[in-house]
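Single-structure report; data block below.
Rule-based calculations on the coordinates, nothing more; no lab input. In this text the structure is predicted, and so the values were computed from the model without any measurement. Backbone-built Cβ (ideal geometry, glycine too); neighbour counts: all protein chains shown.
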Amino acid sequence: MENQCIAVIGAGQMGSGIAQVAAEVGYRVILHDVTPDFVQNGMSRIDKALSAHVQKGKIDEEKKRGILSRIQGTVSYDQARDAHVIVEAVFEDADVKTHIFSTLDGICRPETVFATNTSSIPITRLAASVRRADRFIGIHFFNPPQIMRLVEIIPGLKTSPETVRQARQFVDSLKKESVLVKDVPGFLVNRINAALRLEAYNCLLEGVASVEDIDKALKLALGHPMGPFELADFVGLDIGLSVLKTLHDGYKDPKWRPSLLLEKLVLSGDLGRKTGKGWYDYTSGQKVPRTDVQF
């Protein structure tokens with residue numbers, strides 16, 4: 001793997017996490033974003049995560065330096081020219097994603113595998129933007145990728161069996177577990193998780209229980225590490241809303257209609273941990289119930 005290069009497009013929380021995982025197992029990694037500040041933020045996020053590993057005794061400083069040395073930040077797509085695999089991990093906007101892939105299609109080698117980390121947008125729709133639909137596939141990591149073991153592999157309509165094999169081999173090399181999923185809106189895990197969250201939102205709207213008690217109940221009764229509201233805040237309410245809209249548009253079923261409470265929070269700019277407020281308030285540095293709004 002030391003001679004193999006992958007490119008991660010998007011240096012946010014997901015992209016930087018995927019880049020870290022790949023560099024840890026020996027890949028050379030190109031980490032791309034649209035501005036130097038975004039790239040530096042991604043590199044700083046990786047440095048911070050690795051420093052935490054050092055403090056816990058999981059790795060030493062020499063290994064940390066080695067991992068960081070294998071990651072090159074850039075704002076140029078040209079740096080991805082020789083990548084064996086491209087992993088796109090930008091925000092959930094089909095137009096942005098198709099623009100990225102159509103640009104890379106004219107730069108990368110014909111044999112390069114194009115993978116999208118989309119959490120809900122149909123793979124076949126994105127693959128239509130390139131001339132290599134047979135080399136296009138969904139490789140969906142879960143947040144945070146450094147910790148979560150599962151990766152969904154989603155072939156599009158024209159994805160070749162060889163590309164599926166290479167995708168599974170790539171995921172195996174990252175020491176992750178994969179499941180093969182059909183190309184449907186929301187795929188598997190997010191489809192089930194979205195249904196659970198919608199029911200939690202309905203329970204809140206109907207006054208069945210509070211945000212805190214719903215989270216507490218699902219953690220203690222179902223063994224979830226995070227409650228649905230905590231998890232929504234962690235991932236980002238804007239991303240959760242985008243997933244629900246994709247499901248609603250894709251299935252044309254009213255059961256996927258986004259929660260009005262969720263839409264109001266996103267419209268107000270309260271997107272979860274990243275903005276300081278979502279279903280909870282994080283402005284003090286701790287997660288506490290919100291007192292400034294009534295759900």
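Separation of the range 245-295 and the range 50-112 by C-alpha centroid, Å? With the range 245-295 and the range 50-112 each reduced to a Cα centre, they are spaced 30 Å.
Peptides 67-78, 48-59, 151-162 ranked from most to least packed, by the mean per-residue count of other Cβ atoms within 10 Å: 151-162, 67-78, 48-59. Here the alpha carbons of the range 128-172 define both size measures, Rg and Dmax, at 11.5, 34 Å. Over the range 190-280, Cα pairs under 8 Å with separation of 6+ residues give a relative contact order of 29 percent. Given in Å, the Rg to one decimal and the Dmax to the nearest whole number for the Cα atoms of the chain are 19.4, 57. Pairwise Cα distances in the range 190-280 exceed 19 Å for 36 percent of all pairs. Relative contact order of the chain, taken over Cα pairs closer than 8 Å and 6 or more residues apart, is 12 percent. Could you check which residue among Q40, Q146, Q20 shows the biggest mean-square fluctuation in a GNM of the chain with a 10 Å Cα cutoff? Comparing Q40, Q146, Q20 in the GNM, the peak value goes to Q40. For GluC sites (Glu not before Pro), the sites in the range 1-87 that DSSP calls loop and that have at most 10 other Cβ atoms within 10 Å are E2.
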